[in-house]
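*Asks:* Please see the structure below; I have some questions.
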Amino acid sequence: NEYARRLWFDWLNAGHVLFATAGTDVHGHGVYRRADVGFNVVYADNLSQAAILAGIAAGRSYLSSGPTLHLTAAVDGAAIPTGQRLAGQSEAQLRVAWDDCPPGATLHVIERGADIARQDADAAGEITLTRAVASNTWFVAELRGPDGALLAITNPIFAGPNIDEGELTVP
């Protein structure tokens, strides 16, 4: 929900390293491709429980209600996935790819909670952005439906030192 998204962004801006996950208690076929039912897509080395949990713990996942969404950062030819940290780089190429979007969907590329790119995301596509990498920043990508509903969001790629210092409080 939007409250949780704003709170997550506030915690990320405060320097906390947190990864998003989705949770539902949905049963039955045909209910998983609704905008109000989210699920986790996890990048895992294999389909074992240990590998899936390791992918979630490392932020190697995204949340979706149907569309596919990938975010990577390329630095010196190496692809940095979500959940990872760009260390010491002054510039990175962000690559965002998507598929299975409904007509009228919009892609947002976000840095520290603010849009740095926005474009129509009908069906499938890909963009690459070159960004100066500031210390203590993070990037995510999200897809929104024509009504503004969140369809998919990646976990962050971080830049700069980890300054996570302490406990989180819910306002």
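*Asks:* From the list Gly59, Gly30, Gly23, pick out the single residue that is modelled with pLDDT under 85 and on the phi > 0 side of the Ramachandran plot.
*Replies:* Working: Gly59 fails: modelled with pLDDT under 85; Gly23 fails: on the phi > 0 side of the Ramachandran plot.
The match here is Gly30.
*Asks:* Could you check, for segment 136-144, whether at least one of its residues is touching a residue at least 60 places away in the same chain (Cβ under 8 Å), in a loop (DSSP other than H, G, I, E, B) and among the charged types (D, E, K, R)?
*Replies:* Step one: filter segment 136-144 for residues touching a residue at least 60 places away in the same chain (Cβ under 8 Å), giving 136, 138-143.
Filter once more, so that each one left must be in a loop (DSSP other than H, G, I, E, B): 136.
Pick out the ones that are also among the charged types (D, E, K, R) and you get none.
For segment 136-144, residues touching a residue at least 60 places away in the same chain (Cβ under 8 Å), in a loop (DSSP other than H, G, I, E, B) and among the charged types (D, E, K, R): absent.
*Asks:* Can you work out which of the residues in segment 61-86 that are of a type in the set (A, V, I, L, M) and farther than 16 Å from Thr130 by Cα is surrounded by the most Cβ atoms within 10 Å (Cβ to Cβ)? Let's see the steps before the verdict.
*Replies:* Residues of segment 61-86 of a type in the set (A, V, I, L, M): 63, 69, 71, 73-75, 78-80, 86.
Retained after the next criterion (residues that are farther than 16 Å from Thr130 by Cα): 63, 69.
Numbers: Leu63: 20, Leu69: 25.
Among those residues, the one meeting the criterion is Leu69.
*Asks:* May I ask you to say which residue of Asp122, Asp100 is over 16 Å from the mean Cα position of the chain (by Cα) and under 19 Å from Asn40 (Cβ atoms)? Can you show your working first?
*Replies:* Numbers: Asp122 fails: under 19 Å from Asn40 (Cβ atoms).
Within the list Asp122, Asp100, the selection yields Asp100.
*Asks:* Being acidic (Asp, Glu) and modelled with pLDDT of 95 or more is the filter here, so list the residues in segment 114-146 that pass it. Lay out the reasoning, then the answer.
*Replies:* At the first step, the residues of segment 114-146 found to be acidic (Asp, Glu) are 115, 120, 122, 126, 142.
The answer is Asp115, Asp120, Glu126, Glu142.
The values are calculated or read from the model by the stated rules, or taken from the named source; none is laboratory data. As the structure is a prediction and not an experimental result, all values here were calculated from the model. Note that we place each Cβ from the backbone using ideal geometry, even for glycine, and neighbour counts take in every protein chain shown.
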